[in-house]
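The values are calculated or read from the model by the stated rules, or taken from the named source; none is laboratory data. Since we're looking at a predicted model, the values are computed, not measured. Calculation scope for accessible area: heavy atoms of the full protein, side chains included, ligands and nucleic acids excluded. Shrake-Rupley method; radii C 1.70, N 1.55, O 1.52, S 1.80 Å.
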Amino acid sequence: FQAAAYYIEGSESGILYDGLMPTSTNKTLYERVKEIATKPFIFVLGHNHGDHKGALAPFFNEGGDVYLTDRVNSTTSLTSFYWRDTLPTQAVRLDKIVTGTYTGDNVHIMKEGDVFDLGNCKFECYQLPGHCDDLMIIYDRENGLMFASDIYAVNRYWVADQFSARGMKQDLVLSLQQQLMDLYTKDGATVKELYTGHNRVGVGGDYLMMWEQ
């Protein structure tokens, strides 16, 4: 589906940020990351769309710690989780749908201002609604690394740069973005690399101003 997910590992722990579509292979993204991870890691949902939460269900079912924003009601908005079982072909179909609620000790509600400390790097949480009301950006201020899921559009060569704001006025999105830019650059910090939900590659921090314009 050309969605992107990112595994970020620090000196003490890691983050799986977003989770792709449910897998049609015999291995979930969660299982794949466990093969390469050298530290314990958590799952952070960038935003609650089907092409970004595929790893959420298996992570939750195996007792892994999952983080959702405070704008997603874990007992109503996320009432179903699903994955694809092993299939004989790569056919696009769901083999199993399981309904339930994301509740329990391994479900954590995150909010703007929270910080994920991975040991040698810290990721600050910022919310920018527009594409999805619950979207959470994570930003490593010291190293200038930002992971933004879908809010900052795409740069695939066959898709025009675009942005879909839903349920809110464009000037409000612009105002929130300008306020965030002040926070991103506070104390001399600079966004150096930006990774979004459908990029072929990362882009420089100057893309944030291009997007705003």
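For K169, the lysines whose Cα comes closer than 25 Å to its Cα, not counting residues fewer than 8 places off in the same chain, are K111.
Could you provide, to the nearest whole Å², the per residue accessible area of segment 1-56 with probe 1.4 Å? Mind showing how you got there, number by number?
Numbers: 2250 Å² over 56 residues.
It amounts to 40 Å² per residue over segment 1-56.
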